[in-house]
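Worksheet: one structure, shown below.
The values are calculated or read from the model by the stated rules, or taken from the named source; none is laboratory data. These numbers were taken from a predicted model, which means no experiment stands behind them. Cβ atoms come from the backbone with ideal geometry, glycine included; neighbour counts cover every protein chain shown. The protein model used for the area step is the full one, side chains on, heavy atoms only, and it has no ligands, DNA or RNA in it. Shrake-Rupley method; radii C 1.70, N 1.55, O 1.52, S 1.80 Å.
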Amino acid sequence: MRIAFCTPFKPLDNPRPSGDVAIPEDLIRALKEFGHEVTVLPYFPCKEIWKDRERMDRLPEMLDATARAASGADCVLTYGSYYKVPDAIGPRTALRLGLPYYLFQGSYAEGRAHDPKTWPGFMLNQLAMLSAEYVFCNSPDLLSGCAKLLPKDRYGSVRPGFDAASFTRDEAVRERLRKRWGAGDAVVVGCAAMMRKGVKAQGVRWLIRACGELLSRGRNIFLSVAGGGPEFENCRELAEKTLGKRAVFPGTMERSELPGFFSALDVFAFSGIRESIGMVYMEAQACGTPCVATDDLGAPHVIRHEQTGLISEVDETAFTQALDRLVTDDALRHKLAADAPALVRQRHDASVAYREVERVLMQGDRES
């Protein structure tokens with residue numbers, strides 16, 4: 001099958017680590033491994049496109065380019081559409097070529113229809129979702145949104161997937177990083193996050209304060225936080241005040257560097273508030289690192305409570321207690337670390353999780 005693949009969120013060569021690059025990369029890789037031909041369409045930024053007259057004027061020219069690139073395809077598949085970044089390319093390209101259009105990770109937020117500032121994006125996104133033969137939902141909140149807009153046969157659930165083969169434990173890197181950090185024999189706790197204002201930076205601050213509380217209880221812990229972002233310095237300064245020399249911030253890492261980073265940790269901990277998918281939890285678990293997160297949105301669907309990690313209530317004290325349990329219970333921590341890689345691969349390896357995507361696309365191809 002020949003699939004024209006559209007990425008309105010970010011180009012696949014975007015240098016900043018992000019789930020909006022990792023997820024489509026892993027989906028494309030899986031589809032190719034299944035034996036399909038995937039052509040990535042030229043990237044055109046769709047974020048708040050209705051606000052930019054220049055981009056709107058360029059849209060017809062861009063559609064000519066994507067139609068040429070998609071010539072000979074059997075369908076158009078887009079990764080990602082929501083009110084802020086509506087897919088203005090995929091549906092129109094498919095319509096021009098008479099191809100079926102599919103949407104992976106479409107988000108419908110009906111409340112955005114009532115705000116004049118977001119109404120144009122809401123309408124463009126709604127048009128994209130209504131144009132889709134099928135919308136693949138890789139999180140429960142996306143599924144509930146589709147239920148408000150689409151008939152039951154036009155959307156369905158897909159497990160979150162990732163390229164598990166790229167995430168394995170690396171003992172050599174583990175020892176090298178821990179020595180570089182000066183962690184000694186401490187239980188190393190850490191996370192990887194882009195420290196943007198809002199829940200991302202809030203999650204890092206939760207972790208810093210949790211580690212500070214555990215240190216005050218006499219726990220032998222060390223904190224390592226990978227990532228960058230506008231709140232990086234503020235978070236680093238908080239860690240320095242709270243933990244002193246028991247914290248390091250290695251900075252932004254390439255995705256290829258993350259398996260070594262995860263291997264160096266004993267516990268991966270991040271609150272995950274409003275985290276729709278939780279890619280980073282799957283990647284950490286695949287490297288044998290148990291996770292601690294809250295039960296908000298995506299994390300509980302990729303972390304098996306007391307099998308690959310611990311899930312707490314969305315409460316900072318509860319999160320701290322869950323982290324303390326893994327830090328102090330060596331037997332539990334080692335058991336979860338040993339079990340996590342196989343368990344996460346069974347459910348979330350892209351070669352398993354994305355077979356449902358292939359099934360739906362192939363069924364549509366046969367029917368057409």
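Rg/Rh for the chain: what does it come to with C-alpha atoms and Rh from Kirkwood?
Rg/Rh for the chain comes to 1.00.
Which value, in debye to the nearest 20, describes the size of the charge dipole of the chain about its Cα centre when Lys and Arg Cβ atoms bear +1, Asp and Glu Cβ atoms bear -1, and nothing else is charged?
That gives the chain a dipole magnitude of about 480 debye.
In the chain, what percentage of the DSSP-assigned beta bridges are antiparallel, given to the nearest 5?
0 percent
Report the relative contact order of segment 86-162, percent, no decimals, based on alpha-carbon pairs under 8 angstrom and at least 6 residues apart.
Rounded, it is 33 percent for segment 86-162.
Please give, to one decimal in nm, the separation of the simple spin-label points placed at Thr39 and Asp13, each 7 Å out from Cα toward the Cβ.
1.9 nm
For a Förster distance of 35 Å, can you work out the FRET efficiency between the beta-carbons of His305 and Glu356, rounded to the nearest 0.05?
0.90
Per 5 Å bin, what is the whole-percent P(r) computed from every C-alpha pair distance within segment 230-368?
Whole-percent P(r) values from 0 Å outward: 2, 10, 16, 18, 20, 15, 8, 5, 3, 2, 1, 1, 0.
Considering only Asp153, Asp296, Asp20, give the residue with the highest GNM mean-square fluctuation for the chain, with springs between Cα atoms whenever their separation is below 10 Å.
Evaluated over the chain, the most mobile residue of the options is Asp153.
Just to confirm, what accessible area per residue do you get for the chain at 1.4 Å probe, in whole Å²?
43 Å²
In terms of the Cα gyration tensor, with a ≥ b ≥ c the square roots of its eigenvalues, is segment 182-297 rounded because a/c is under 1.5, prolate because a/b exceeds b/c, or oblate?
Cα axes put segment 182-297 in the rounded bin.
Quick check on segment 18-79: take the gyration tensor over C-alpha atoms, sort the square-rooted eigenvalues as a ≥ b ≥ c, and tell me if it's rounded (a/c under 1.5), prolate or oblate.
Taking the square roots of the gyration eigenvalues as a ≥ b ≥ c, segment 18-79 is oblate.
What nm value, rounded to one decimal, do you get for the distance between Thr317 and Arg68 when each label is placed 7 Å out toward the C-beta?
Between Thr317 and Arg68, the label points sit 6.4 nm apart.
Where the accessible area of the chain is counted over protein heavy atoms with a 1.4 Å probe, how much of it, in %, is carbon and sulfur?
It is 48 percent, rounded to a whole number.
Checking the a/c ratio against 1.5 first, then a/b against b/c, what shape does the Cα gyration tensor give for segment 111-216?
Cα axes put segment 111-216 in the prolate bin.
Would you work out which of Gln105, Asn14, Pro86 lies farthest towards the positive end of the dipole of segment 1-108, given +1 charges on the beta-carbon of Lys and Arg and -1 on that of Asp and Glu, about the Cα centre?
Pro86
Which residue, Gly72, Gly212, Gly228, tops the fluctuation ranking in a GNM of the chain built on C-alpha contacts under 10 Å?
Gly72
Summing -39500 (n - 2.57) over the DSSP H runs of n ≥ 4 in the chain and dividing by its residue number, what mean residue ellipticity at 222 nm do you reach, to the nearest 500 deg cm²/dmol?
So the helix-based figure for the chain works out to -14000 deg cm²/dmol.
Between Arg2 and Leu95, what is 0.36 nm times their sequence separation minus the Cα-Cα distance? Round to one decimal in nm.
So the chain would gain 31.8 nm between Arg2 and Leu95.
Would you mind checking the tilt of helix 330-348 against the longest principal axis of the Cα atoms of the chain, expressed as 0 to 90 degrees and rounded to 10?
The angle comes out near 10 degrees.
Could you identify which residue out of Gly218, Gly106, Gly278 has the top mean-square fluctuation in a GNM of the chain using Cα springs shorter than 10 Å?
Result for the chain, Cα springs under 10 Å: Gly218 fluctuates most.
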